[in-house]
Amino acid sequence: MKTILITGGTDGMGRGLAMHCLRRGDSVVVVGHSQGKGDRFLAEAAAMGAKKRATYIRADLSLVSENRRVIKEVRAKHDSLDSIVLAAASLRQAKETKVTGEGFEFLFALMYVSRYILSYGLTDLLEKSPSPVILNIAAPGMKGDVDWNAVEHQSNGGSGKAQFQSSRLNDLLGVAFAERQKQSGAGGESMAQTPAKPTAPNFSQLTPGADGKGISKATLDSYDMLSGSWPKSADDVVLVLDRNNSLSAGTMYQLGLITADQYKDAAKAIEDGGDAPAMDWDYGDLVGREFTLTTASDRYKDDGDGTFTYLADGDANWDALLTNGRTLKISGVIRPMEDAKGANIVTAVAYTPELTDWMIDRADDSAIVKAQESKPDTDVLTGQVFADGRTADDNLAAFGKVNTDAPSSISIYTDSFDDKEAVSDAIKAYNDGKDEDHRITYTDYVALMTSSITTIVNVISYVLIAFVAVSLVVSCIMIGIITRISVLERTKEIGILRALGASKRNVSQVFNAETIIVGLASGLLGVGVTALLTIPANMVVSNLLGAGTLSVGLPIPYAIVLVAISVLITLIGGFLPARKAAKQDPVIALRTE
């Protein structure tokens, strides 16, 4: 059972995720500002039999003091957290700046300050989880620099401007936590690494191929090989650069590319507000570099009395650690391609699935794992019976023991939305007819995000459709009025046409033809102007949002439909006046001046 904290968990995506986690058997703490919505959340949790696993904390997250109170309440009830979901938001946007009682702009405080305080204030609880996650649900930051004056109420920047600033800062918050994880290899711990756990913050496995071996085609097609080659054995790894061909100082230090003094100099320069000294390498010089991988189980020495001692980092243990380790070699240097869809490697070094299999087998065959499995009630580190809630499974996990038949979770990545829907449909089909204990519980994160976005888009679409409907009705009435005026002004002309032998139908056809011409001309003009406006619109979108792949366009089929609608509206609007013109008495019409 996992413990999950969700802000904004009484509405939208936050609420949907909270109910899903409760159904999955997790413990959920929801933070919101409405007591009524909180009571409804607790009632729904009780109805599904999850009353003891559901907690509601009412708080105004736009206030720093309230965020600190939330942290205290969470700490009082929970020793650890597995996930934090930051979903609290406000749809309020006004021209005037709203200031909280503590002097912050309201939206800035709610959508950034709160997320910052909760993320860092609860980090130590997250670090106790084997796989902690912080999910920050926020709009992507707009292109440009952070204007710190916009967050002060004296600037009159408006809530919209402050919201853009908070989006930019949320991007930086995510980068900061990613950098925190990368730099943990230089001496500090991170959520991804605690002592004696078989993980390294700068290492991750390459996505395997269709048969579970090798490297997936999606990964191969998403990276440029700058030097060397892709791994051919379990001992080969690739060095992954970012799109700027760079690595963080912490990563370079852990990989042995720079010394401890160089790392300290770089860190001090950045801390003093300057730039770190530039350090350049040739790609070819990086290929072939070697370093030693030590598994978690190899870091324990058999004391000969049934207990084991952990070998900490230090000169006294280097020889033993290097002897037990496996030498890895950088076989290639890669970089994500521009607009690559499968560039999902988030670490500086990536290894093959074969190395993962070797690490699993290595742990299974290790002396400490076998000793712990043979004495499930005794802690092999102390020789004493387990206490304080610890179990043999906790030790085995720390020793690197992995049960491949009982994974804690499975992540599925698809190449397209169609494939994602196919996977979801397959899981739903499997779950049909199964009892609760045999169903697959899954979370479609893309669906959670897109459903909320789809709801917002649908609401906006309905509003626009209503405006369009009103405008069409008004246009139809105006066409009718214009056609009626035309009939009155041309009454004598109608009389002449009738005197020359034109039938009522002919007269009606004359006015209908005119309205059709008006509708066709206006439709073509509107479509043409729209097509021309898409050119500057795309330039504005590209420059302001920095989204080169996002463009505005008017498909030809839609343009044809719009022209047809324009013709139909004018024809309907002019139908009654044209019909009335056809019924004019020729004699009376000829007398009209």
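Can you say whether GLY32 is under 19 Å from LYS72 (Cα atoms) and modelled with pLDDT under 85, as far as the supplied structure shows?
Judged against the criteria, GLY32 is not a match.
Conditions tested, residue by residue: (1) among the small types (Gly, Ala, Ser); (2) assigned to a loop (DSSP other than H, G, I, E, B); (3) closer than 26 Å to GLU127 by Cα; (4) not assigned by TED's automatic domain parsing to the domain that holds PHE108.
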{"position": "MET1", "(1), (2), (3), (4)": "no, yes, yes, no"}
{"position": "ARG15", "(1), (2), (3), (4)": "no, no, yes, no"}
{"position": "MET19", "(1), (2), (3), (4)": "no, no, yes, no"}
{"position": "VAL30", "(1), (2), (3), (4)": "no, no, yes, no"}
{"position": "GLY38", "(1), (2), (3), (4)": "yes, no, no, no"}
{"position": "ALA43", "(1), (2), (3), (4)": "yes, no, no, no"}
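Residues in the stretch 39-46: is at least one under 19 Å from LYS2 (Cβ atoms) and crowded, with 20+ Cβ neighbours inside 10 Å?
Taking every residue of the stretch 39-46 in turn, at least one turns out to be under 19 Å from LYS2 (Cβ atoms) and crowded, with 20+ Cβ neighbours inside 10 Å.
Answer yes or no as to whether MET449 is aliphatic (A, V, I, L, M) and more than 37 Å from the chain's Cα centre (by Cα).
No, not satisfied.
If PHE467 meets every condition in (1) of a type outside the set (Ser, Thr, Tyr); (2) without any contact (Cβ under 8 Å) to a residue 12 or more places away in the chain; (3) within 28 Å of VAL85 (Cβ to Cβ) apart from one, which number is that one?
(3)
Go through the stretch 429-445 and report how many residues are exposed (fewer than 12 other Cβ atoms within 10 Å of the Cβ) and either among the charged types (D, E, K, R) or in contact with a Lys or Arg (Cβ under 7 Å, 6 or more places away or on another chain) (or both).
Adding up the residues that qualify gives 5.
Among the listed residues ALA249, ALA260, ALA267, which satisfies the condition of being more than 30 Å from LYS370 (Cα to Cα), in the same structural domain as GLN384 (by TED's automatic domain parsing), among the small types (Gly, Ala, Ser) and loosely packed, with under 11 Cβ neighbours inside 10 Å?
Result of the check over ALA249, ALA260, ALA267: ALA260.
Would it be correct to say that ALA363 is closer than 30 Å to SER229 by Cα, assigned to a helix (DSSP H, G or I), touching a residue at least 40 places away in the same chain (Cβ under 8 Å) and outside the structural domain of MET1 (by TED's automatic domain parsing)? Give the steps one after another, and end with the answer.
Numbers: closer than 30 Å to SER229 by Cα: yes; assigned to a helix (DSSP H, G or I): yes; touching a residue at least 40 places away in the same chain (Cβ under 8 Å): yes; outside the structural domain of MET1 (by TED's automatic domain parsing): yes.
Yes: the conditions hold for ALA363.
Within the stretch 204-233, restricting attention to residues that are touching a residue at least 60 places away in the same chain (Cβ under 8 Å) and among the hydrophobic types (A, V, I, L, M, F, W, C), which residue is surrounded by the most Cβ atoms within 10 Å (Cβ to Cβ)? Spell out the reasoning first.
Applying the first criterion (touching a residue at least 60 places away in the same chain (Cβ under 8 Å)) to the stretch 204-233 yields 204-208, 212-216, 218-219, 221-233.
Now narrow it down to the ones that are among the hydrophobic types (A, V, I, L, M, F, W, C): 206, 215, 218, 225-226, 230.
On the way: LEU206: 23, ILE215: 18, ALA218: 17, MET225: 15, LEU226: 16, TRP230: 18.
Of everything passing the filter in the stretch 204-233, LEU206 is surrounded by the most Cβ atoms within 10 Å (Cβ to Cβ).
Report, ordered by the first and then the second residue, all pairs with beta carbons closer than 8 Å, sequence separation of six or more or different chains, a first member in the stretch 493-506 that is free of Cβ contacts under 8 Å to residues at least 24 places away in the same chain and assigned by TED's automatic domain parsing to the domain that holds ALA578, and a second member that is surrounded by 12 or more Cβ atoms within 10 Å (Cβ to Cβ) and of a type in the set (S, T, N, Q).
Final answer for the pair search is LEU497/ASN506.
Looking at ALA371 and the list (1) in contact (Cβ under 8 Å) with a residue 40 or more places away in the chain; (2) under 40 Å from the mean Cα position of the chain (by Cα), which single condition is not satisfied?
Only one criterion in (1) in contact (Cβ under 8 Å) with a residue 40 or more places away in the chain; (2) under 40 Å from the mean Cα position of the chain (by Cα) is unmet by ALA371, namely (2).
If you check ALA234, ALA276, which single one turns out to be modelled with pLDDT of 85 or more, in a loop (DSSP other than H, G, I, E, B), in contact with a helix residue (DSSP H, G or I) (Cβ under 8 Å, 6 or more places away or on another chain) and not assigned by TED's automatic domain parsing to the domain that holds GLY121?
Only one candidate passes the filter, namely ALA234.
Among the residues of the stretch 448-459, are any part of a helix (DSSP H, G or I), modelled with pLDDT of 90 or more and exposed (fewer than 14 other Cβ atoms within 10 Å of the Cβ)?
Yes.
Among the residues of the stretch 394-427, which ones are within 23 Å of LEU355 (Cα to Cα), surrounded by 11 or more Cβ atoms within 10 Å (Cβ to Cβ) and not hydrophobic (A, V, I, L, M, F, W, C)? Full working, then the answer.
Our first condition is that a residue be within 23 Å of LEU355 (Cα to Cα); within the stretch 394-427, this holds for 395-413.
If we keep only those that are surrounded by 11 or more Cβ atoms within 10 Å (Cβ to Cβ) too, we end up with 395-403, 412-413.
Listed by number, the residues that qualify are ASN395, GLY400, LYS401, ASN403, TYR413.
Looking only at residues in the stretch 237-265 that are without any contact (Cβ under 8 Å) to a residue 24 or more places away in the chain and in a loop (DSSP other than H, G, I, E, B), which one is nearest to the chain's Cα centre (by Cα)?
Looking at the filtered set, the residue picked out is ASN244.
Only one of (1) exposed (fewer than 14 other Cβ atoms within 10 Å of the Cβ); (2) part of a helix (DSSP H, G or I) fails for GLY553. Which number is that?
The failed condition is (2).
The values are calculated or read from the model by the stated rules, or taken from the named source; none is laboratory data. Given the structure is predicted, the values throughout are model-derived calculations rather than measurements. Every residue, glycine as well, gets a Cβ built from its backbone with ideal geometry; the counts of neighbours run over all protein chains shown.
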